[in-house]
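Quick notes on the structure that follows.
The values are calculated or read from the model by the stated rules, or taken from the named source; none is laboratory data. Please read these numbers as outputs of a predicted model, since none were measured by experiment. Positions of Cβ are backbone-derived with ideal geometry, glycine not excepted, and every protein chain shown enters the neighbour counts. Please note that ligands, DNA and RNA were not included when accessible areas were found on the heavy atoms of the full protein model with its side chains. Shrake-Rupley method; radii C 1.70, N 1.55, O 1.52, S 1.80 Å.
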Amino acid sequence: MASDEIAVTGATGGLGGRVARLLAEHGIAHRLLVREPSRAPDLPQARVMQFGGYDDAPGMRRALDGARTLFLVSAAEDPDRVALHRSAVDAAVDAGIERIVYTSFVGAAPDATFTFARDHFHTEEHIRSCDVAHTFLRHNLYMDFVPVLCPADGVIRGPAGDGRVAAVARDDIAEVTVEVLTGTGHEGETYDVTGIEPFTLTEAAAELSRVTRRQITFQNESLEEAWESRRPSGAPEYQIEGWITTYTAIAAGDLAEVTDTVERFLDREPRRLRDWLRDNPESWRHLVHTS
Ligand SMILES: NC(=O)c1ccc[n+]([C@@H]2O[C@H](COP(=O)([O-])OP(=O)(O)OC[C@H]3O[C@@H](n4cnc5c(N)ncnc54)[C@H](OP(=O)(O)O)[C@@H]3O)[C@@H](O)[C@H]2O)c1
C-alpha cells in the first residue's frame with residue numbers, strides 16, 4: 001500500500017540535506033535514498049534506504065516501493081547526466097511514485113547558454129512524457145556558490161561582463177521545496193526560484209570585500225582567457241564548458257530575472273547577498289588572510 005512518506009534523494013548533499021532536516025522539523029515522515037548510509041543525516045521521522053545511485057534502477061525501485069512523492073535532486077555533473085535522470089525517473093514511475101518534484105535550472109532549454117541547463121530541459125521533457133504528476137523548481141545560481149567563485153587570491157575571474165545574477169540561497173530553496181512537497185495544487189507547475197536583488201560580479205566582489213576586510217575584485221575574461229585559465233585543472237571539456245557558461249549566461253542576462261516565488265511561498269523576502277554573507281562567515285573564510 002502506498003504511504004505518505006516523502007522520498008528524498010541527495011540527502012547527503014547541501015540541498016537534499018536541508019530539505020530532509022526541514023521535513024524532520026515539521027514532523028513529516030520521509031525516507032532518504034542515499035548511496036552511503038553512514039553519510040546520511042540522522043533525523044527523526046526519517047528512514048534511510050540505500051541504493052546504488054540513479055543508474056541503479058532495481059535499487060531505486062526497492063528504495064521507493066510504497067512511497068507516493070519523490071523529491072529528485074539533480075545528479076552531480078556528468079557527461080551522461082540526462083541518462084542518469086531518465087533511469088531514476090523510470091525507476092520511480094515503475095515503483096509507483098505518483099508525483100515527482102525535480103530540481104531544475106532557470107531558463108532550462110535545449111540551447112541554453114549555460115550548458116548544464118540543457119540537461120535539465122531534457123530531464124523535464126522526459127518527466128513530462130511519463131504518466132506522473134510533477135513540479136519543476138527551476139533554481140537560479142545558488143547564493144552559496146558566490147564565495148566559491150572567488151579563489152584565495154581575491155580575484156573572481158570569468159566572462160560575465162556587467163551581467164546580473166538573481167542568485168538564491170539554498171536555505172530559501174529548501175523552504176520553498178518543503179512547501180511544494182507538503183502542499184497541494186502544484187501539479188504541472190514550473191516555478192523559477194530566484195533571489196530578489198540581482199547583482200553583477202563586481203558588486204558581489206564589493207560585498208565580499210566588505211565582509212572579509214580585504215580587496216576582492218572581479219576581472220572580466222574573454223572566452224579564450226576563460227578556457228586557458230581553466231584547462232590546467234585537467235577537468236574534461238564538458239565540465240569546463242559548464243563552468244565557463246555559468247559566466248556567459250550571466251553576461252547574456254539569462255540569470256537576471258527576479259520572480260516572486262520565494263515571497264509567495266514563504267511570505268517573506270528571499271535572503272539578500274549582504275545578509276547571507278553576514279550569516280554564513282564559513283563560506284568566505286578561505287578569503288580571510290590569517291598571517
Ligand atoms: N543552482 C546552482 O547554483 C547549483 C550549483 C551546484 C549544483 N547544482 C545542482 O543541484 C544539485 C543539488 O545541489 P547540492 O548543493 O545539494 O549538491 P551537493 O551538495 O553536491 O549534493 C549532491 C547530492 O546528490 C547526490 N547525487 C549526485 N549524483 C548522484 C547520482 N548519480 N545518483 C544518486 N545521487 C546522486 C549526492 O550523493 P553522494 O553524497 O552519494 O555523492 C549528494 O547527496 C547538484 O547535484 C547539481 O545538480 C546547482
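Some observations on this one:
- Residue check for LEU15: in a strand (DSSP E or B), within 9 Å of the ligand (Cβ to nearest atom), buried (at least 16 other Cβ atoms within 10 Å of the Cβ) and among the aliphatic types (A, V, I, L, M): no
- Inter-residue pairs, beta-carbon under 7 Å, first closer than 16 Å to VAL19 by Cβ and of a type in the set (S, T, N, Q) and in the range 134-149, second modelled with pLDDT of 95 or more and more than 10 Å from the ligand (Cβ to nearest atom), 6+ apart: THR135/VAL101; THR135/VAL180; THR135/HIS186; THR135/GLU187; THR135/GLU189
- Single condition ALA206 does not satisfy, out of (1) closer than 26 Å to ALA76 by Cα; (2) in a helix (DSSP H, G or I): (1)
- Any hit, the range 268-282, residues being modelled with pLDDT of 95 or more and under 30 Å from VAL132 (Cβ atoms): yes
- Per the conditions (1) in contact with a Phe, Trp or Tyr (Cβ under 7 Å, 6 or more places away or on another chain); (2) under 22 Å from THR12 (Cα atoms); (3) surrounded by fewer than 16 Cβ atoms within 10 Å (Cβ to Cβ), the sole criterion not satisfied by PRO110 is (2).
- Selection from the range 63-105 of residues that are open to solvent by 30 Å² or more (accessible area, probe 1.4 Å), assigned to a loop (DSSP other than H, G, I, E, B) and more than 9 Å from the ligand (Cβ to nearest atom): ASP65, PRO79, ASP80, GLY96, GLU98
- Here the condition is being part of a strand (DSSP E or B), at pLDDT 95 or above and surrounded by fewer than 22 Cβ atoms within 10 Å (Cβ to Cβ); of VAL48, VAL8, it holds for VAL48 alone.
- Given (1) within 18 Å of GLU98 (Cα to Cα); (2) in contact with a Phe, Trp or Tyr (Cβ under 8 Å, 6 or more places away or on another chain); (3) not small (Gly, Ala, Ser), index of the condition PRO79 fails: (1)
- Condition check for HIS126: open to solvent by less than 30 Å² (accessible area, probe 1.4 Å) and more than 14 Å from the chain's Cα centre (by Cα): no
- Output for the range 106-148, where each listed residue is touching a helix residue (DSSP H, G or I) at 6+ places or on another chain (Cβ under 7 Å), within 14 Å of the ligand (Cβ to nearest atom) and assigned to a helix (DSSP H, G or I): THR115, PHE116, ASP119, HIS122, THR123, MET143, ASP144, PRO147
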